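Accompanying notes for the structure given below.
The values are calculated or read from the model by the stated rules, or taken from the named source; none is laboratory data. Since the structure is predicted, the reported quantities are computational estimates derived from the model, not experimental observations. As a convention, Cβ positions derive from the backbone with ideal geometry for all residues, glycine included, and neighbour counts pool all protein chains shown. These accessible areas exclude ligands, DNA and RNA; they are computed on the full protein's heavy atoms, side chains included. Shrake-Rupley method; radii C 1.70, N 1.55, O 1.52, S 1.80 Å.
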Amino acid sequence: MSDHIVVVGAGIAGLATAVALQESGRDVVVLDDRDGTSAGYAITLWPNALAACDALGIGAEVRDAGARVEAGKVRWHDGRILREPANGQFTAAVGEPVVVTDRNQLLAILADRLAPGTVRYGARVSHVRDGLHGTSVELADGHSLTAAAVIGADGIGSLAAQYLNGPLAFRYSGYTAWRGIADITIPDELAGITVGPGIEFGHLPLSHGRTYWFAAERSQEARRAPDGEIEYLAQKFGAWAEPIPDVLSRSKESSVLRGDVYDRGRLRRIAGGRVVLVGDAAHPMRPHLGQGGCQSLEDAAVLSIVASERSSLPSAFREYARRRRSRTRAVVNRSRQIGHATFARPAVLSGLLTRASARIPAAVFWRQLGNIAGYTAGDLAIRT
């Protein structure tokens, strides 16, 4: 049996897990079917993710690479403020500002920590098997690898998840989302989200005078704007409060990613034998809490810790699954609840629910946010 661990997928979850395992002395190979390029949108790293980055030894570098944001204003589409944190309240609740950074920059930081040759691009995995003498990863080109273990970091449609659970069940959420980067600077005090009935638009400062933005609305599945996504969004949000029209006017079509939002049924197993799942392969979640990448980083840190605590990898994987179960389920469920309220039908109902949520007592709101995204929440999730 080979001594190395094969990680399937070179996204945030896969690279972070590889970094964590290599730092603990494990031999790791990462396989990915892409050519090494990746979508160029940004990511918001909440303090729980920064706690995981600290555990991985990249915290300072990640913080230096992005813009630090303390605001979190929620506005109605005409500019009226629904919720605005008092001075210092945001940081007091979650422990430190969030970091908004290029996703590719985060991937580069992770990749730079890996030994040369760790990541093999253009390697499409077609099958995963686990036997008495080790795991086997079969590639589409006919080659195969044997390993001490396989870590599935291959996203919502994960082959490793299918190996552990059989066919995966997907359901369209009923809405689609856009992400983009604009060549414009917005004031820090405008950072946050602007909402309307069944529709939303978020905007956060990014480094180098840019703005990361995201939007979502109810839509038929697999639709595309015939005249381009920016043109469609500019018409949709043209009468909304600034900075949204300006942000869209300074965005290039090539910078925009559109994707339908899907739910996947809860898995029976995220670990079995020498196979374990991390990131979206284990627990895909809707985007409303900005926790997809954050939970992937937590996964990597936790898996590294339990792998160092247990002499047997199957035992470590079972303990990892136990530690992560309640934490990730809570975030998945809360993200889904927010999506149901934001995009409820009819649209007037979603508007009422959104405005009502802004009236949650401040102490309750900040406590809930801290429990999900605070530095302490991330630290506890990693170390308990």
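Report whether or not Arg120 is at pLDDT 95 or above and either touching a strand residue (DSSP E or B) at 6+ places or on another chain (Cβ under 9 Å) or closer than 18 Å to Ala373 by Cβ (or both).
Values: at pLDDT 95 or above: yes; either touching a strand residue (DSSP E or B) at 6+ places or on another chain (Cβ under 9 Å) or closer than 18 Å to Ala373 by Cβ (or both): yes.
It is true that Arg120 is at pLDDT 95 or above and either touching a strand residue (DSSP E or B) at 6+ places or on another chain (Cβ under 9 Å) or closer than 18 Å to Ala373 by Cβ (or both).
Determine which member of the set Gly265, Gly238, Gly259 is farther than 19 Å from Pro205 by Cβ and over 26 Å from the mean Cα position of the chain (by Cα).
Exactly one of Gly265, Gly238, Gly259 is farther than 19 Å from Pro205 by Cβ and over 26 Å from the mean Cα position of the chain (by Cα), namely Gly238.
Of all residues in the stretch 112-134, those that are open to solvent by less than 60 Å² (accessible area, probe 1.4 Å) have Cβ atoms under 8 Å from Cβ atoms of residues that are aromatic (Phe, Trp, Tyr) and not in a strand (DSSP E or B), 6 or more apart or on another chain, in Val128/Tyr163; Asp130/Tyr163. A count restricted to the stretch 124-146 and to residues that are touching a Lys or Arg at 6+ places or on another chain (Cβ under 8 Å) and more than 14 Å from Asp33 (Cβ to Cβ) stands at 4.
Out of the stretch 50-62, which residues are in a helix (DSSP H, G or I) and of a type outside the set (A, V, I, L, M, F, W, C)?
Scanning the stretch 50-62 gives Asp54, Gly59, Glu61.
Are any of the residues in the stretch 367-375 open to solvent by less than 10 Å² (accessible area, probe 1.4 Å), at pLDDT 95 or above, more than 24 Å from Val69 (Cβ to Cβ) and assigned to a helix (DSSP H, G or I)? Looking through the stretch 367-375, none of the residues is open to solvent by less than 10 Å² (accessible area, probe 1.4 Å), at pLDDT 95 or above, more than 24 Å from Val69 (Cβ to Cβ) and assigned to a helix (DSSP H, G or I). Do we have Pro85 as within 20 Å of the chain's Cα centre (by Cα) and not acidic (Asp, Glu) here? So Pro85 fails the test.
When the strands (runs of 3 or more DSSP E) confined to the stretch 63-111 are screened for residues that are closer than 21 Å to Gly196 by Cβ and either in contact (Cβ under 8 Å) with a residue 24 or more places away in the chain or open to solvent by 40 Å² or more (accessible area, probe 1.4 Å) (or both), those reaching at least 1 such residues are found at 73-76, 81-83. A single entry from Val348, Val332 fulfils the requirement of being in contact (Cβ under 8 Å) with a residue 40 or more places away in the chain, part of a helix (DSSP H, G or I) and touching a His at 6+ places or on another chain (Cβ under 6 Å): Val332. Within the stretch 356-366, the set of residues being in contact with a Pro (Cβ under 9 Å, 6 or more places away or on another chain) and modelled with pLDDT under 90 comprises Ala362 only.
Of everything listed in (1) open to solvent by less than 40 Å² (accessible area, probe 1.4 Å); (2) modelled with pLDDT under 95, the single unmet condition for Arg310 is (1).
Scanning the stretch 306-321 for residues that are in a helix (DSSP H, G or I) and either touching an Asp or Glu at 6+ places or on another chain (Cβ under 6 Å) or among the polar types (S, T, N, Q) (or both) gives Val306, Ser308, Ser315. Scan the stretch 34-52 for residues that are at pLDDT 95 or above and either surrounded by fewer than 18 Cβ atoms within 10 Å (Cβ to Cβ) or within 12 Å of Leu15 (Cβ to Cβ) (or both) and the total you get is 0. Taking the stretch 141-165 as the range and being in contact (Cβ under 8 Å) with a residue 40 or more places away in the chain and part of a loop (DSSP other than H, G, I, E, B) as the test, the residues that pass are Ala148, Ala153, Asp154, Gly155, Ile156, Ser158. Once the stretch 135-171 is narrowed to residues that are closer than 24 Å to Ile12 by Cβ and among the hydroxyl-bearing types (Ser, Thr, Tyr), the residue that is surrounded by the most Cβ atoms within 10 Å (Cβ to Cβ) is Ser158.
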